[in-house]
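The structure appears below as structure tokens.
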Amino acid sequence: MNPTILNRKAKFDYFLLEKLEAGISLLGHEVKSIREGKVNLKDSFVRIVGAEAFLLNCHISPYSNIQGHVLVDPTRTRKLLLKKNEILSMQVKTRGKGIAIIPTQMYFKRGKVKVEIALGQGKKAHDKRESIKRRIHDKETKQAISRHSKRAR
């Protein structure tokens, strides 16, 4: 089973506007660590430099069964594989508008590691409180429905 690593904090901190799938340049032992699910996308972000996109601050833990020592920084900068027009489009949309590019999930597709990135506009504190209220309300509604259906049996 290949895991899907989610960035749950992204939906809480940002309004996600537009999503895009990107490949990522990795080392062999990093792919094995991703298969084990040892990835943290929580504080990561995408930066566009020139005509290239890079994933910064993504923590991929060292592979557990590796022989010898690997001197690679777990939070090293990794290049995202996107078409030039996709990079330019995202660069134009983020320029001076308070919009960031955030990775929302990492998964395997036909044996390759893919990263779903999204344009995100930061939420204010009152928006975050509204998200919490909505989540609590949905949870209570589901519980009430399940209690009602159990009594009906």
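Please treat every number below as a calculation from the coordinates, not as lab data. Computed from a predicted structure; not experimentally measured. Heads up, the Cβs are rebuilt from the backbone with ideal geometry, glycines too, and the neighbour counts pull from every protein chain shown.
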* Taking H as built 1.01 Å from N, whose amide H comes closer than 5 Å to the amide H of Glu18, not counting residues under 5 places away? -> Leu119
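Please give the peptides 16-28, 87-99 ranked by average Cβ packing (other Cβ atoms within 10 Å per residue), highest first, as a rough proxy for protection. Please report the intermediate quantities before stating the final value.
On the way: 16-28: 14.8, 87-99: 13.3.
Taking the mean over residues of other Cβ atoms within 10 Å, the ranking is 16-28, 87-99.
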* What list of ³J(HN,Hα) values in whole Hz, one per residue of segment 51-61 in order, does the Karplus curve 6.51 cos²θ - 1.76 cosθ + 1.60 (θ = phi - 60°) give from phi, with Gly and Pro shown as x? -> 10, 10, 10, 10, 9, 10, 6, 8, 9, 10, 5
* **the chain: relative contact order as a whole-number percent, Cα under 8 Å and 6+ apart** => 31 percent
